[in-house]
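Colleague: Once you've had a glance at the structure underneath, I'll fire off some questions.
The values are calculated or read from the model by the stated rules, or taken from the named source; none is laboratory data. Since the model is a prediction, treat every value here as computed from it, not as a measurement. So basically every Cβ, Gly included, is an ideal-geometry build from the backbone, and we count neighbours across all protein chains shown.
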Amino acid sequence: MPTKSSERKLRTFVKGAYEKAFSAIGPRKWWPGDTAFEIILGAILTQNTAWKNVEKAIAKLKGHRVLSIAALRDLPENELAQMIRSSGYFNMKAKKIKAFIQFLDAHYDGSLKTMGKENLEKLREQLLQVHGIGPETADSILLYAFNKPSFVVDTYTRRIFSRHHIFSETESYDAMRDFFMKHADPSTFNEYHALIVHIGHHYCAKGKPNCGQCPWNWIAP
């Protein structure tokens with residue numbers, strides 16, 4: 001983590017990085033989903049797989065008319081697993097989806113509306129206790145399903161910002177999240193994370209980055 005720059009300089013840097021990327025790429029309109037529950041399912045299903053595989057799984061759930069809390073609550077776990085097979089690790093993900101619904105029933109009477117009224121920090125702490133929901137998934141649910149200002153950190157965040165010496169390659173998830181929570185404008189969290197994903201996917205590849213075309217080729221803390 002940077003230690004020599006002032007807080008004001010860091011905020012200016014983080015804001016500038018966002019504005020540069022937004023100007024070059026435009027709004028990403030992420031996360032795709034018709035409902036909060038669909039977004040939550042997507043956040044679970046996208047673990048360790050490409051989004052195109054998640055889209056297939058969600059389309060199958062919609063096709064069988066079971067993309068609802070009530071329907072998935074009653075659907076046998078083995079049947080759910082087969083429907084989301086395209087997302088990979090489908091047996092484990094079926095357990096995770098069931099665990100989330102059990103959590104929702106136990107704490108919020110099965111109501112996402114009630115859940116969404118919970119305090120950010122308390123709800124994040126609760127989500128992290130649910131089987132199969134780690135920090136990235138929890139923050140994705142908070143930010144995209146409930147519009148709560150919780151910055152999402154992913155592999156792309158670590159790759160991009162460690163290459164620019166903002167973080168070390170071994171920086172913890174919480175330390176990276178805290179950095180953005182402290183220095184970025186909460187109203188940009190949604191787009192900021194989506195822009196990081198876009199840049200990581202299209203420019204900052206793991207093997208051969210395309211630095212010359214990247215909107216962030218100027219970054220220097």
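Colleague: Does R11 satisfy being modelled with pLDDT under 95, more than 20 Å from the chain's Cα centre (by Cα) and not in a loop (DSSP other than H, G, I, E, B)?
Modeller: yes
Colleague: Taking the condition of being of a type outside the set (S, T, N, Q) and buried (at least 18 other Cβ atoms within 10 Å of the Cβ), how many residues in the stretch 39-55 meet it?
Modeller: Looking only at that region, the number is 8.
Colleague: So how many residues does the stretch 70-90 have that are in contact with a Lys or Arg (Cβ under 7 Å, 6 or more places away or on another chain) and of a type in the set (S, T, Y)?
Modeller: 2
Colleague: Taking the stated definitions as given, is L67 out of contact with any Lys or Arg (no Cβ under 7 Å at 6 or more places or on another chain), in a helix (DSSP H, G or I) and surrounded by 16 or more Cβ atoms within 10 Å (Cβ to Cβ)?
Modeller: no
Colleague: Do you know which residues across the stretch 172-202 are surrounded by fewer than 18 Cβ atoms within 10 Å (Cβ to Cβ) and part of a loop (DSSP other than H, G, I, E, B)?
Modeller: Within the stretch 172-202, S172, D185 meet the criteria.
Matching residues to (1) modelled with pLDDT of 95 or more; (2) surrounded by fewer than 20 Cβ atoms within 10 Å (Cβ to Cβ); (3) over 14 Å from A43 (Cα atoms); (4) not hydrophobic (A, V, I, L, M, F, W, C):
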position	(1), (2), (3), (4)
N91	yes, yes, yes, yes
F100	yes, no, no, no
F103	yes, yes, yes, no
Y108	yes, yes, yes, yes
L112	yes, yes, yes, no
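Colleague: Report yes if V54 is of a type in the set (V, I, T), at pLDDT below 95 and assigned to a helix (DSSP H, G or I), otherwise no.
Modeller: no
Colleague: Right, another one. From the list G116, G110, G132, which residue is under 23 Å from N53 (Cα atoms), in contact (Cβ under 8 Å) with a residue 40 or more places away in the chain and not assigned by TED's automatic domain parsing to the domain that holds M176?
Modeller: On inspection, the qualifying residue turns out to be G132.
Colleague: Let me ask something else. Any residue in the stretch 185-206 that is assigned by TED's automatic domain parsing to the domain that holds S23, out of contact with any Lys or Arg (no Cβ under 9 Å at 6 or more places or on another chain), within 19 Å of N147 (Cα to Cα) and among the acidic types (D, E)?
Modeller: no
Colleague: Among the residues of the stretch 110-124, is there at least one that is closer than 30 Å to G200 by Cα, hydrophobic (A, V, I, L, M, F, W, C) and touching a Lys or Arg at 6+ places or on another chain (Cβ under 8 Å)?
Modeller: Within the stretch 110-124 (the criterion being closer than 30 Å to G200 by Cα, hydrophobic (A, V, I, L, M, F, W, C) and touching a Lys or Arg at 6+ places or on another chain (Cβ under 8 Å)), the answer is yes, since at least one residue qualifies.
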